[in-house]
Amino acid sequence: MNTLNQEIVAHLFEFWSEIGNQGGFTKTGLGYTSTLAPSNSWPSKVFITDSSKTDFEYIQRSMQNGILPNSFSIGEDEKLIEKLKLIGFKEISRVKAMCLSSNQDHPCGLSDDIVVVGSSKHALEFAAVASKAFGYTIHPSTINALLGHRQFHLYLGMHLGTYASCGMVYFDGDGNSGIHMIGVLPIYRGLGLGKRLTQALLSKAGASRTKKVFLVASKLGEPIYAKLGFETHGSLVSFKV
C-alpha cells in the first residue's frame with residue numbers, strides 16, 4: 001500500500017468512525033473498528049486498522065452470525081486480499097482512492113441553490129436524497145447526530161424548488177479534509193448538479209486551508225474528479241462473507 005493510499009484510507013476510516021461516535025454506534029476490537037448504524041443502514045461497516053493484529057476468522061464468524069456488519073474494508077494490499085479470498089471472503093467492490101493534486105481555485109461561497117444542512121428537517125431531507133441517490137438506506141438519525149459538529153459540514157443542492165443533490169465535507173484530525181456522500185437524485189442526473197455541489201464542497205475545504213482533500217470514487221466517477229484535479233492512489237477494497 002503506498003503512503004497516500006494509506007492516508008486516504010485512514011481518513012475514510014476516521015470519517016466512518018466519527019459518524020458512529022456521534023450516533024453512538026462505533027465499537028473497537030483487536031485490529032479493527034466497526035460501526036453498526038440503526039436498522040443496519042449506512043455506515044454499517046467493519047474496517048481493518050491493523051491487519052497484523054486482526055483475527056480474520058473471528059471477523060468471518062462474527063459477520064456470519066450477525067454480530068458484526070457483513071461488510072469490511074481495507075486499503076490496497078494485494079497479499080492481504082489474496083489471503084482473505086483463501087479464507088473465504090468475497091470481494092464486493094473496489095473504489096478509487098483520490099487526492100487533490102494541487103491547491104486549485106474554486107468559486108468562493110455558496111450559490112443560492114446550495115443549502116447548509118442545519119436543522120432536523122434538513123437532516124431528514126439529506127437522508128432521503130442520499131438514500132435515493134445511492135440505493136441504500138441512510139437513517140435520518142445518523143445525519144441528525146452530525147448537525148453542529150465542527151468536523152462535519154453538510155449541504156443540499158436545489159433544482160426547480162426541489163432538493164436534488166447532497167454532499168458533505170469532513171475535516172479530519174490530521175489537517176486534511178474529504179468530500180463525501182456526493183449524490184444526485186436519478187431523475188436529475190446529467191444536469192451538472194453533482195459538479196456544482198462538488199465545487200461548493202471544494203470551496204469549503206479550500207477556505208479552511210486543509211493540507212489535502214480526499215475522496216473515494218467509482219470507476220465511472222474517477223475521470224470526472226480527475227478533471228477537477230484529483231489523482232488516483234490505489235483503491236479501497238470491500239468484502240463480505
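Results, tabulated for the structure shown:
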| quantity | calculated |
| --- | --- |
| Pairs with Cβ under 7 Å, 6+ apart, first in region 80-93 and closer than 16 Å to residue 57 by Cβ, second among the small types (Gly, Ala, Ser) and surrounded by 12 or more Cβ atoms within 10 Å (Cβ to Cβ) | 80/51 |
| Subset of region 10-41 (residues that are touching a strand residue (DSSP E or B) at 6+ places or on another chain (Cβ under 7 Å) and either aromatic (Phe, Trp, Tyr) or over 23 Å from residue 150 (Cβ atoms) (or both)) | 13, 15, 16, 25, 27, 31, 32, 34, 41 |
| Complete set of residues in region 132-151 that are under 25 Å from residue 203 (Cα atoms) and without any contact (Cβ under 8 Å) to a residue 40 or more places away in the chain | 143, 144, 147, 148, 150 |
| Test result for residue 34, in contact (Cβ under 8 Å) with a residue 24 or more places away in the chain, in contact with a helix residue (DSSP H, G or I) (Cβ under 9 Å, 6 or more places away or on another chain) and outside the structural domain of residue 211 (by TED's automatic domain parsing) | yes |
| In region 183-231, the residues that are of a type in the set (Val, Ile, Thr) and over 20 Å from residue 171 (Cα atoms) | 184, 187, 224 |
| Condition check for residue 169: in contact (Cβ under 8 Å) with a residue 40 or more places away in the chain and not basic (Lys, Arg) | no |
| Selection status of residue 54, polar (S, T, N, Q), under 22 Å from residue 176 (Cβ atoms), touching a Phe, Trp or Tyr at 6+ places or on another chain (Cβ under 8 Å) and surrounded by fewer than 21 Cβ atoms within 10 Å (Cβ to Cβ) | no |
| Extreme residue, nearest to residue 77 (Cα to Cα), among residues of region 1-54 that are more than 15 Å from the chain's Cα centre (by Cα) and among the charged types (D, E, K, R) | 50 |
| Which numbered condition residue 132 fails, given (1) assigned to a loop (DSSP other than H, G, I, E, B); (2) closer than 27 Å to residue 187 by Cα; (3) modelled with pLDDT of 95 or more | (1) |
| Test for residue 178: is it among the small types (Gly, Ala, Ser), within 21 Å of residue 26 (Cα to Cα), in the same structural domain as residue 224 (by TED's automatic domain parsing) and buried (at least 20 other Cβ atoms within 10 Å of the Cβ) | yes |
| Region 116-139, residues that are surrounded by fewer than 18 Cβ atoms within 10 Å (Cβ to Cβ) and touching a Leu at 6+ places or on another chain (Cβ under 9 Å) | 116, 118, 119, 120, 132 |
| Where residue 84 falls short, out of the listed (1) closer than 30 Å to residue 225 by Cβ; (2) part of a loop (DSSP other than H, G, I, E, B) | (2) |
| Any hit, region 130-146, residues being more than 25 Å from residue 36 (Cβ to Cβ), of a type in the set (D, E, K, R) and in contact with a helix residue (DSSP H, G or I) (Cβ under 8 Å, 6 or more places away or on another chain) | no |
| Among the residues listed as 235, 208, 177, the single one being more than 17 Å from the chain's Cα centre (by Cα) and hydroxyl-bearing (Ser, Thr, Tyr) | 208 |
| Test: residue in region 219-235 that is surrounded by 20 or more Cβ atoms within 10 Å (Cβ to Cβ), small (Gly, Ala, Ser), within 25 Å of residue 125 (Cα to Cα) and in contact (Cβ under 8 Å) with a residue 12 or more places away in the chain | no |
| Yes/no for residue 29 being farther than 27 Å from residue 194 by Cβ, without any contact (Cβ under 8 Å) to a residue 40 or more places away in the chain and not assigned by TED's automatic domain parsing to the domain that holds residue 222 | yes |
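The values are calculated or read from the model by the stated rules, or taken from the named source; none is laboratory data. Predicted model, so just to flag it, every value in this text is computed and none were measured. Every residue, glycine among them, receives a Cβ derived from its backbone with ideal geometry; neighbour counts consider all protein chains shown.
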